[in-house]
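A.B. asks: Sharing a structure below in structure tokens format, with a few things to ask.
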There are 2 protein chains.
Amino acid sequence: MKETDNSRRARRGSGAITVRDVARLAGVAPITVSRVLNTPAQVSPDVRQKVLEVIQKTGYVPNRMAGGLASSRSRLIAAVVPSTVMSVFMPTIETLNETLFDAGYQLMLGQSDYSAAREEALLEAIVGRRPDGIFLTGILGPSQGRTRLLASGIPVVETWDLTPTPIDMLVGFSHADIGREVARFLMDKGRRRLALIRAEDERAQRRADAFTEAVQRAGLGPVETVNVGASRSLRSGREALGHLLAQRPDVDAIFCSSDLLALGVATEARVRGIAVPHDLALVGFGDVSFAADMAPALSTVRINGAEMGRLAARCLIDRAEGRPVSPAVFDVGFSIVERETT
Amino acid sequence: MKETDNSRRARRGSGAITVRDVARLAGVAPITVSRVLNTPAQVSPDVRQKVLEVIQKTGYVPNRMAGGLASSRSRLIAAVVPSTVMSVFMPTIETLNETLFDAGYQLMLGQSDYSAAREEALLEAIVGRRPDGIFLTGILGPSQGRTRLLASGIPVVETWDLTPTPIDMLVGFSHADIGREVARFLMDKGRRRLALIRAEDERAQRRADAFTEAVQRAGLGPVETVNVGASRSLRSGREALGHLLAQRPDVDAIFCSSDLLALGVATEARVRGIAVPHDLALVGFGDVSFAADMAPALSTVRINGAEMGRLAARCLIDRAEGRPVSPAVFDVGFSIVERETT
DNA sequence: ATGAAAGCGCTAACAT
DNA sequence: ATGTTAGCGCTTTCAT
């Protein structure tokens with residue numbers, strides 16, 4: 001009764017319980033409720049007790065949007081991934097999300113679908129939310145989005161790649177090194193007619209180029225390449241092997257741009273009676289969970305995606321909480337895992 | 001110069017450009033800038049033009065947290081999934097996210113890791129953000145979280161299941177029907193010694209129970225079941241087949257709780273020289289992208305995950321924008337896709 | 001240890 | 001069609 005003076009403007013409001021309500025019921029000022037929640041040490045035990053009781057009783061849940069506005073700290077982190085379904089990036093996102101959540105942050109997830117236009121739109125939407133940090137899959141070339149991020153001043157971590165010109169922080173590894181090392185690995189195994197099956201994406205391209213260059217430098221002629229475009233499925237791998245064999249029936253080793261493609265190639269090889277690894281060696285990329293458990297088990301390039309997620313989360317949290325991050329560039333490396341397909 | 005009167009309290013602020021800055025530069029009131037962005041039709045073309053120019057020049061990006069606070073509309077939707085890596089739920093999340101983004105909403109993603117405790121914590125964090133809607137994977141039994149959601153008044157859509165007592169909206173299908181129909185399907189194929197390989201989760205349990213009951217009702221004795229627990233990998237499938245054969249070497253049909261488990265079973269069967277489907281029929285669940293492309297191609301239960309995501313997004317958007325949603329319950333059904341493993 | 005005042009950046013309500 | 005005013009619910013600053 002006569003509590004609220006709404007004699008003039010009828011202002012909406014969500015109708016939910018607010019700090020004011022809790023404060024009134026506990027007989028304290030709103031700021032005290034805020035302190036009980038955020039800096040409990042500053043409040044005497046009995047007052048704290050009383051306030052917590054009221055919170056419990058009323059089911060009060062603080063409005064973090066309002067808190068974020070007042071404190072300029074949203075406790076929101078945005079992440080952009082190219083895709084989510086059966087994607088090699090998900091272990092990274094999973095640990096990113098876990099680490100963030102345990103530190104009191106939440107994750108906003110956007111998919112770019114490997115489209116630059118969509119990525120731009122995403123970045124604009126993201127900046128509008130004033131997240132405390134942004135996680136990017138891959139590195140961002142010169143673009144309006146890059147400019148916008150730079151201008152926003154929001155901490156950014158680029159991942160899954162290396163560049164001499166990061167926007168801010170960087171957690172990645174060298175795709176060129178991978179291409180070179182896998183080529184060397186296969187050639188050391190005595191393979192001589194090497195080929196590539198890859199999806200259309202910038203990083204796969206970088207691995208492919210280095211692979212090709214290394215093979216040619218070794219004097220092993222051209223590297224037949226099948227580009228499956230945007231279709232990263234098991235089926236693409238099967239079909240790609242068909243195309244490849246039509247071009248170059250004597251191929252004896254293939255480096256695939258993903259483990260799923262490699263599983264497709266292995267499947268098609270089995271159906272065609274091609275012995276893996278005897279007739280055909282196979283190397284995948286990603287070391288996803290099924291790679292070790294296929295029959296034959298897949299040799300592949302292991303990326304510690306979970307570690308990247310954890311590290312990226314740590315970088316962003318540290319910066320969000322005002323701690324400097326140095327170094328700001330981490331090369332998490334990779335390793336070639338030899339199994340049965342080579 | 002003498003623009004701002006900060007003679008008294010030095011109040012922080014993020015330092016970013018605000019509506020006020022834009023308004024001043026364009027020679028209009030802040031609300032006019034707001035209208036240019038939100039209801040452009042209400043502003044005369046020349047003023048609109050001028051304001052847009054200033055926005056362009058300054059790189060102004062509206063603060064949506066502030067907007068959300070003022071309008072009680074966050075344009076944020078939260079989603080809870082059990083897991084994200086190689087998960088059958090991701091196609092749903094992908095279309096959910098796409099549909100939301102195209103309508104101007106953003107997605108906050110939380111993982112429960114199949115843990116009720118974590119789910120509770122997530123729901124509390126989510127409610128604190130005052131999202132315009134919440135997407136839940138699965139249905140939420142009586143719990144503090146359910147009470148909290150009900151109390152919050154936020155639109156909720158539960159998915160991937162059916163219940164007579166939804167919190168709010170529901171987009172799902174019947175797991176019991178699936179169990180029954182798969183049992184019937186396999187028995188109609190002449191299979192007599194049926195078994196189950198399943199992960200530890202409530203919905204898989206429901207399918208398994210109905211499957212077992214249907215088999216027993218048909219007088220085909222007990223259904224051997226291997227529960228792989230939380231480990232949903234290809235390896236689990238391989239190992240589970242080993243265990244199953246140790247218990248019941250004469251099994252002639254297996255219903256797996258996921259396609260990935262089924263791929264594991266198929267792999268192990270091949271390694272052991274068991275002919276699929278001749279000696280052993282196999283049915284998966286999910287119809288994930290690789291199911292059709294395995295060799296032999298996997299018979300499985302198709303769920304239209306993408307459709308569920310789209311539909312759930314539509315429900316949430318409609319409710320967020322004040323449009324009533326009726327009916328509020330959608331059964332998207334399922335279908336048994338027969339391929340080579342049966 | 002607690003509180004009063006001010007205001008984060010935006011938009012709804014009420015003018016004109 | 002545009003502006004004025006008053007908040008949304010919280011936290012910072014300053015005072016006691």
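The values are calculated or read from the model by the stated rules, or taken from the named source; none is laboratory data. Here the structure is a predicted model, which is why all the values come from computation and not from measurement. Note: ideal-geometry Cβ built from the backbone for every residue, glycine included; neighbour counts use all protein chains shown. Only protein heavy atoms, including side chains, enter the accessible area calculation; ligands, DNA and RNA are left aside. Shrake-Rupley method; radii C 1.70, N 1.55, O 1.52, S 1.80 Å.
A.B. asks: Report yes if some residue within segment B:29-47 is at the interface with another protein chain (Cβ under 9 Å from one of its Cβ atoms) and either polar (S, T, N, Q) or touching a His at 6+ places or on another chain (Cβ under 7 Å) (or both); otherwise report no.
C.D. replies: No, the conditions are met nowhere in segment B:29-47.
A.B. asks: Here is a follow-up. If you check B:SER299 against the conditions, is it among the hydroxyl-bearing types (Ser, Thr, Tyr), touching a helix residue (DSSP H, G or I) at 6+ places or on another chain (Cβ under 8 Å) and more than 14 Å from chain A (Cβ to nearest Cβ)?
C.D. replies: Working: among the hydroxyl-bearing types (Ser, Thr, Tyr): yes; touching a helix residue (DSSP H, G or I) at 6+ places or on another chain (Cβ under 8 Å): no; more than 14 Å from chain A (Cβ to nearest Cβ): yes.
Considered against the rule, which asks whether it is among the hydroxyl-bearing types (Ser, Thr, Tyr), touching a helix residue (DSSP H, G or I) at 6+ places or on another chain (Cβ under 8 Å) and more than 14 Å from chain A (Cβ to nearest Cβ), B:SER299 comes out as no.
A.B. asks: When the residues of segment A:93-112 are filtered to those that are within 9 Å of chain B (Cβ to nearest Cβ) and under 14 Å from B:VAL85 (Cα atoms), which remaining residue is surrounded by the most Cβ atoms within 10 Å (Cβ to Cβ)?
C.D. replies: A:ILE93
A.B. asks: State all residues of segment B:1-33 that are among the hydroxyl-bearing types (Ser, Thr, Tyr), at pLDDT 95 or above and under 22 Å from A:PRO131 (Cβ atoms); if no residue qualifies, say none.
C.D. replies: Across segment B:1-33, the qualifying residue is only B:THR18.
A.B. asks: Looking at A:VAL157, A:VAL127, which one is within 25 Å of B:VAL19 (Cβ to Cβ) and in contact with a helix residue (DSSP H, G or I) (Cβ under 6 Å, 6 or more places away or on another chain)?
C.D. replies: On the way: A:VAL157 fails: within 25 Å of B:VAL19 (Cβ to Cβ).
When all the criteria are applied, what remains is A:VAL127.
A.B. asks: A follow-up question, please. Answer yes or no: is there a residue in segment A:51-61 that is open to solvent by 40 Å² or more (accessible area, probe 1.4 Å), part of a helix (DSSP H, G or I) and within 15 Å of DNA strand C (Cβ to nearest atom).
C.D. replies: Yes: segment A:51-61 contains one or more residues that are open to solvent by 40 Å² or more (accessible area, probe 1.4 Å), part of a helix (DSSP H, G or I) and within 15 Å of DNA strand C (Cβ to nearest atom).
A.B. asks: Here is a further query. Can you name every residue in segment B:11-39 that is more than 12 Å from DNA strand D (Cβ to nearest atom) and touching a residue at least 24 places away in the same chain (Cβ under 8 Å)?
C.D. replies: Of everything in segment B:11-39, those that are more than 12 Å from DNA strand D (Cβ to nearest atom) and touching a residue at least 24 places away in the same chain (Cβ under 8 Å) turn out to be B:ALA16, B:ILE17, B:ASP21, B:LEU25, B:LEU37.
A.B. asks: Give segment A:241-262 a look and list any residue that's in contact with a Lys or Arg (Cβ under 9 Å, 6 or more places away or on another chain) and among the hydrophobic types (A, V, I, L, M, F, W, C), or say none.
C.D. replies: Those that are in contact with a Lys or Arg (Cβ under 9 Å, 6 or more places away or on another chain) and among the hydrophobic types (A, V, I, L, M, F, W, C): A:LEU241, A:LEU245, A:VAL251, A:ALA253, A:PHE255, A:CYS256, A:LEU260, A:LEU261.
A.B. asks: Could you look through segment A:62-80, keep only residues that are buried (at least 19 other Cβ atoms within 10 Å of the Cβ) and farther than 19 Å from B:ARG73 by Cα, and pick out the one that is farthest from DNA strand D (Cβ to nearest atom)?
C.D. replies: A:VAL80
A.B. asks: Here's a follow-up. With respect to B:MET90, is the statement that it is away from DNA strand D (no atom under 16 Å from the Cβ), within 11 Å of chain A (Cβ to nearest Cβ) and under 25 Å from A:ALA70 (Cα atoms) true?
C.D. replies: Spelling it out, it is not the case that B:MET90 is away from DNA strand D (no atom under 16 Å from the Cβ), within 11 Å of chain A (Cβ to nearest Cβ) and under 25 Å from A:ALA70 (Cα atoms).
A.B. asks: I need the full set of residues from segment A:222-237 which are touching a Leu at 6+ places or on another chain (Cβ under 9 Å) and either away from chain B (no Cβ under 14 Å) or not in a loop (DSSP other than H, G, I, E, B) (or both), in order please.
C.D. replies: Answer for segment A:222-237, where residues must be touching a Leu at 6+ places or on another chain (Cβ under 9 Å) and either away from chain B (no Cβ under 14 Å) or not in a loop (DSSP other than H, G, I, E, B) (or both): A:VAL223, A:GLU224, A:THR225, A:VAL226, A:ASN227, A:LEU234, A:SER236, A:GLY237.
A.B. asks: Something else now. Within the bounds of segment B:119-131, is there any residue that is in contact with an Asp or Glu (Cβ under 8 Å, 6 or more places away or on another chain) and either at positive phi or buried (at least 17 other Cβ atoms within 10 Å of the Cβ) (or both)?
C.D. replies: No: zero hits.
A.B. asks: A follow-up question, please. Tell me which residues, restricted to segment B:51-75, are within 21 Å of B:LEU149 (Cα to Cα) and within 8 Å of chain A (Cβ to nearest Cβ).
C.D. replies: B:GLY68, B:LEU69, B:SER72, B:SER74
A.B. asks: Moving to a separate point now. Looking at A:SER83, is it surrounded by fewer than 20 Cβ atoms within 10 Å (Cβ to Cβ) and either among the aromatic types (Phe, Trp, Tyr) or within 12 Å of DNA strand D (Cβ to nearest atom) (or both)?
C.D. replies: No: the conditions fail for A:SER83.
A.B. asks: I need the full set of residues from segment A:122-156 which are under 22 Å from A:ASP201 (Cα atoms) and facing another protein chain (nearest Cβ under 8 Å), in order please.
C.D. replies: A:LEU122
A.B. asks: Considering B:VAL251, B:VAL283, B:VAL332, which residue is open to solvent by 20 Å² or more (accessible area, probe 1.4 Å) and either in contact with a Phe, Trp or Tyr (Cβ under 6 Å, 6 or more places away or on another chain) or aliphatic (A, V, I, L, M) (or both)?
C.D. replies: Just a single option satisfies the conditions, and that option is B:VAL332.
A.B. asks: Which ones in segment A:26-43 are open to solvent by 50 Å² or more (accessible area, probe 1.4 Å) and within 6 Å of DNA strand C (Cβ to nearest atom)?
C.D. replies: Hits for segment A:26-43 are A:ILE31, A:GLN42.
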